[in-house]
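Report on the structure given below.
The values are calculated or read from the model by the stated rules, or taken from the named source; none is laboratory data. All figures in this text were calculated on a predicted structure; none of them were measured in a lab. A quick note on method: Cβ atoms are made from the backbone with ideal geometry, for glycine too, and the neighbour counts reach across all protein chains shown. When the accessible area is computed, the model is the full protein with side chains, heavy atoms only, and any ligands, DNA or RNA have been set aside. Shrake-Rupley method; radii C 1.70, N 1.55, O 1.52, S 1.80 Å.
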Amino acid sequence: MTLGDTTGHAAARAARSVPESRYAWVRLIAALALSAIGGVGMWSVIVALPAVQAEFGVARSAASLPYTISMICFGFGGIVMGRLADRYGIFVPAVGGAVVLGLGYAIASQAASLWQFVLAQGLLVGVASSVAFAPMVADTSLWFTRRRGIAVAIIASGSYLAGTVWPPVVAHLIQRDGWRRAYLDIAVFCVATMLPLALVLRRRSPLTASSTSGDSVGAWSSRPLGMSPAALQALLVLAGLSCCVAMSMPQVHIVAYSSDLGHGAGRGAQMLSLMLGLGVVSRLASGWICDRIGGRLTLLLGSSLQALALVLFLPIHGLVGLYVVSALFGLFQGGIVPSYAVIVREFFPPEDAGVRISTVLMATVFGMALGGWMSGAIFDLTGSYHAAFLNGILWNVLNISIAVGLLRRSTNPLEQAG
């Protein structure tokens with residue numbers, strides 16, 4: 001091979017690795033599939049909640065603990081995986097996550113007590129599943145500039161695709177073979193599919209090696225939005241926590257809520273699937289909107305609509321009405337979480353993307369975990385979910401106030417300094 005041939009191959013590889021390239025879109029598709037499969041860790045435990053509660057003979061709040069611990073470990077795991085991705089690329093945590101995910105489901109299927117199930121579900125499944133969410137979103141954001149909003153929305157839809165596909169599948173497996181066999185089947189499927197998909201993600205983005213990409217220099221000011229980077233990060237963390245405490249009430253408890261109202265767990269699983277399926281539509285639409293109006297305004301829009309949907313849940317108890325409100329909830333709230341990733345990439349440099357985006361999205365996961373447990377505890381205290389919906393609405397109001405505050409800072413002269 002001549003020097004010219006070597007140079008030509010190097011140039012071709014470089015062309016394939018630039019943002020917005022054909023490889024970037026192929027990579028996005030592979031990452032989306034991996035995210036949808038690996039995202040099972042967020043949803044299977046919700047569908048299994050009634051079966052686990054019945055088998056171990058515990059209260060609703062105790063039966064909600066596996067989900068809560070899973071989401072806490074999911075959040076911390078996302079930061080660890082994001083740090084690994086910043087340092088080594090997404091391929092290393094993706095492979096490790098696939099292996100540990102399969103191991104976690106296999107061990108959880110053999111649990112002899114609730115606490116054994118909690119440990120396997122939380123420490124193994126929760127941590128391993130985390131690679132399919134925040135680190136994937138952060139990695140994808142490094143491969144796009146002009147179309148970053150829609151790209152982030154697409155990859156963030158992986159968790160909703162998981163929520164659309166997995167609940168009815170898991171419900172069917174549990175009904176047919178029981179939750180233990182269902183968990184074993186999930187273990188085998190995840191390892192067999194996620195490892196080949198991870199091979200597509202071996203190449204690293206050139207943006208991690210240079211801060212002179214298509215982003216504006218002003219976006220990396222030492223005082224983004226007129227505040228310190230730490231202060232902006234903390235505010236985004238609080239926003240992520242509050243919006244997802246509110247979001248968790250329907251998403252985590254819709255199956256149990258439907259069952260309590262006499263509609264059955266199967267109908268509830270269908271409502272969850274409908275909710276998250278339309279959430280995919282919402283996320284894609286919000287990504288298109290985000291590329292035009294920015295992350296902050298998209299956050300305010302999505303949060304306001306989510307609050308409206310939560311209010312609509314209060315008076316409606318009929319089967320048809322619940323399907324309709326679940327659909328509206330999915331259409332209204334899908335764009336909230338991706339907007340945080342876009343805001344981070346608007347105001348922080350790309351070499352910090354993995355850990356900063358993962359930290360903010362960790363807060364959204366913690367919000368889901370906290371809200372899931374709070375709703376179960378409120379149900380145990382009151383005997384209904386009415387107060388739990390009111391609790392979610394109050395947290396949603398806090399998120400709206402933060403979004404308004406971020407928008408108001410857009411006219412602060414300090415934002416343009418540096």
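Points to keep in mind about this one:
- Extension gain from A231 to W288, taking 0.36 nm per residue of separation minus the Cα-Cα distance: 17.7 nm
- Virtual spin-label span in nm between I316 and W115, 7 Å along Cα→Cβ: 4.2
- To the nearest ten degrees, helix 179-199 and the longest principal axis of the Cα atoms of the chain are 10 degrees apart.
- In the full protein context, the chain carries 37 Å² of accessible surface per residue, based on a 1.4 Å probe and ignoring ligands, DNA and RNA.
- Shape call, the chain: gyration tensor on alpha carbons, a/c limit 1.5: oblate
- Kirkwood Rh, Cα atoms: Rg over Rh of the range 58-147: 1.09
- Packing rank of 269-279, 223-233, where each peptide gets the mean count of other beta carbons within 10 Å, highest leading: 269-279, 223-233
- For the chain, the longest principal axis of the C-alpha atoms and the axis of helix 336-347 are separated by about 20°.
- Protection-proxy order for peptides 339-345, 197-203, 318-324, 185-191, each taking the mean of Cβ atoms within 10 Å per residue, highest first: 339-345, 185-191, 197-203, 318-324
- Cα shape, the range 229-290, gyration tensor, a/c 1.5 rule: oblate
- For the chain, the longest principal axis of the C-alpha atoms and the axis of helix 353-382 are separated by about 10°.
- Accessible carbon and sulfur surface of the chain relative to its total accessible area, %, 1.4 Å: 69
- Approximate spin-label separation R22-A59, in nm, with each point projected 7 Å along Cα-to-Cβ: 6.1
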